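Let me begin by presenting the structure, written as structure tokens, before commenting on it.
Any read-out appearing in this document is the output of simple, stated calculations on the displayed coordinates, not a laboratory observation. Quick caveat: nothing in here was measured; it's all calculated off a predicted structure. Using ideal geometry, Cβ is built from the backbone for each residue, glycine included, and neighbour counts are taken over all protein chains shown.
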Amino acid sequence: MTHHSSVAPLRIGLAGIGTVGAGVIRLLKANADLVAARAGRRLEIVAVSARDRSRDRGVDLSGYAWEDDMTALAARGDIDAVVELVGGSDGPALALARGAIAGGKALVTANKAMVAHHGHSLAVAAENAGTALKFEAAVAGGIPIVKGLREGAAANAIERIYGILNGTANYILSAMEQTGADFGATLQEAQALGYAEADPTFDIEGVDAAHKLSILSAIAFGTQIDFAAVDCAGISAVRAADIAQADALGYVIRLIGMADVDRTADGSAVLLQQVKPCLVPKGHPLAHVTGATNAVVAEGNFSGRLLFQGAGAGDGPTASAVVADLIDIARGEAGSPFSIPAEQLIPMQPAQSDHRTGQAYLRFTVTDRPGVLAEITAAMRDADVSIESLIQQGRAHDGGEVLVAMVTHDGPEGNISKAAELLSGSASLTAPPLIMRLLGE
């Protein structure tokens, strides 16, 4: 393709050659001409860095300079853009990110933990240095959700953003749905199949989804990232019995990250960010998202409900997001990392969800003895929680444990927390209650 010869190529330094890094190398080879035509110039990897030089990654690295210390990529004069695929919120990844920006190089990262913890300061630095900071691959893998919000939906006030942001948790929940197996066995199976990591804590406890949600909130609502304020609960307490009960009621259980802006009594804006397992009506688009897929719903005041869905991880999809960012950089499209200039991003106080209304599913694990049900219903009455249906007073399992599940009428969330508090010291409960919100249609 000779018509690009007049424009210098975009020279790239790549840190981290795991599955995604190898995917980026393969994509840039396979789609070289197409990418060059769309970017207006060629994209060329110049130098790479990874932990182990000798490991076979299924891609030929012989044409690239090798740096044992990845932070050295930031100092190279023959690089225009650095791609960081190493991970970790601090340490070498952060040193490389800061070094690249300080050196006037564009930075593309797939590192959601780093962006969630340090995205604001990195954005300020990038804007001051007049360089680009891009992180499409950090949120929902191959789905162009950052671009979708920054560009496609940019004319809208976003009213709410929510979705399934972690593939591992979604894989486990939908596998439990299909097999009827319990959480522990399903997690082990997911680890054996490579859908869950050896240490799955970040995925199953909602931390990974919270990283991504905090990034989406900043873009959608013009707020400074506040990862620490995400109200976060995972899926390890969800039992096969809960999934069966939800199914009987016309729901599926999904780990949902949700953010919106609320007004307090004095009119000031507060940001609600939650990652929690929810009951999703079977008619809702998110109910049909199974396996390791991710999906994000953005509600714009003019666009209406937008659904973004696709692969949330994997070498091909994530590499696709990385290279899309590189194409923007090659075209000279930098823009503000969080859609508006970093100094205009406002810190918002976290919203308390207590005054919000909605329906909830509550499940109690209790000892099988008389009076337990009366004790639970009395606590509900005292907390002003109205019960729509009491689903099950199950048979005793081994050890005389019984599950009692119920769905509440529409009411303030704070009342449900109060009911749980009233029961917290009870000898009848063998475990803390599981409380899951019902997602509206």
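Give me the dipole magnitude in Debye, nearest 20, for the chain about the Cα centre, with unit charges on the beta carbon: positive for Lys and Arg, negative for Asp and Glu.
Values: 33 positive and 49 negative charges, 200 e Å.
Taking the Cα centre of the chain as origin, the dipole is about 960 debye.
Using only alpha carbon pairs under 8 Å that are at least six residues apart, calculate the relative contact order of region 2-138 and give it in whole percent. All intermediate terms of the calculation are to be shown ahead of the outcome.
Numbers: 249 pairs, mean separation 30.7, N = 137.
Relative contact order, region 2-138: 22 percent.
So what's region 291-373 giving for Cα Rg divided by 2.2 N^0.38 Å, two decimals?
Numbers: Rg = 22.1 Å, N = 83, 2.2 N^0.38 = 11.8 Å.
Against the compact-globule rule of thumb, the ratio is 1.87.
Which value in deg cm²/dmol, rounded to the nearest 500, describes the helix-derived mean residue ellipticity at 222 nm for the chain, given -39,500 (n - 2.57) per DSSP H run of n ≥ 4 and division by the residue count? Working shown, then result.
Values: 12 runs with 140 residues, N = 441.
The helix-only estimate for the chain comes to -10000 deg cm²/dmol at 222 nm.
Using only the alpha carbons of region 2-138, what is the convex hull's orientation-averaged projected area in square nanometres? Before the final figure, lay out the partial values.
Numbers: hull surface 32.5 nm².
One quarter of the hull surface, i.e. the mean projection, equals 8.1 nm².
Given the options A321, A196, A185, which has the most mean-square fluctuation in a GNM of the chain, springs set between C-alpha atoms less than 10 angstrom apart?
Looking only at A321, A196, A185, the largest GNM fluctuation is found for A185.
Taking only Cα atoms, what is the 0 to 90° angle, nearest 10, from helix 112-129's long axis to the longest principal axis of the chain?
40 degrees
Pick the calculated Rg/Rh (Cα atoms, Kirkwood Rh) for this structure from (1) 1.53; (2) 0.97; (3) 1.03?
Computed from the coordinates, Rg/Rh (Cα atoms, Kirkwood Rh) corresponds to (3).
Taking the alpha-carbon distance from K418 and a cut-off under 25 Å, which lysines remain once sequence neighbours fewer than 8 residues away in the same chain are dropped?
K276
Given a Förster distance of 41 angstrom, what is the FRET efficiency for R369 paired with R55, based on the Cβ-Cβ distance and rounded to 0.05?
Result of the calculation: an efficiency of 0.10.
If you take the charge dipole of region 263-336 about its Cα centre, with +1 on Lys and Arg Cβ and -1 on Asp and Glu Cβ, which of H284, N294, G314 is farthest toward its positive end?
Highest projection toward the positive end goes to H284.
List the equivalent ellipsoid semi-axes of region 357-438 in whole Å, largest first, each obtained as the square root of 5λ for an eigenvalue λ of the Cα gyration tensor. Show your work: numbers first, answer last.
Working: eigenvalues 86, 33, 22 Å².
Result for region 357-438: semi-axes of 21, 13, 10 Å.
Hand me the trypsin sites (Lys or Arg not before Pro) from region 6-66 located in a DSSP loop with no more than 13 other Cβ atoms within 10 Å, in residue order please.
On the way: sites: R11, R26, K29, R38, R41, R42, R51, R53, R55, R57; in loops: R41, R42, R51, R53, R55, R57.
Hits after loop and neighbour filter: R51, R53, R55.
Can you tell me, using C-alpha contacts under 8 Å and at least 6 residues apart, the relative contact order of region 357-438 as a whole percent? Could you put the intermediate results ahead of the total?
Details: 148 pairs, mean separation 40.5, N = 82.
About 49 percent, as a whole number.
Which of the GluC sites (Glu not before Pro) found in region 20-92 are in a DSSP loop and have at most 13 neighbouring Cβ atoms, other than their own, within 10 Å? Could you put the intermediate results ahead of the total?
On the way: sites: E44, E67, E84; in loops: E67.
Counting only loop positions with at most 13 other Cβ atoms within 10 Å, none of the GluC sites (Glu not before Pro) in region 20-92 qualifies.
Whose amide H sits under 5 Å from the amide H of A154, counting only residues 5 or more places off or on another chain, with H placed in the peptide plane?
Under 5 Å from the amide H of A154 lies no amide H from a residue far enough along the sequence or on another chain.
Regarding region 68-126, what's the average projected area of the Cα-atom convex hull, expressed in nm²? Don't skip to the answer; put the middle values down first.
Details: hull surface 14.0 nm².
Projected over every direction and averaged, the Cα hull of region 68-126 covers 3.5 nm².
Please compute the contact order of the chain in relative form: average sequence separation of alpha-carbon pairs under 8 Å and at least six residues apart, divided by the residue count, as a percent. Present the calculation step by step, with values, prior to reporting the outcome.
Numbers: 946 pairs, mean separation 71.7, N = 441.
In percent, rounded to a whole number, it is 16.
From the phi angles alone, apply the Karplus equation (6.51, -1.76, 1.60; θ = phi - 60°) to region 417-430 and give each ³J(HN,Hα) in whole Hz, x where the residue is Gly or Pro.
4, 5, 4, 4, 5, 4, 8, 4, x, 5, 6, 6, 8, 8
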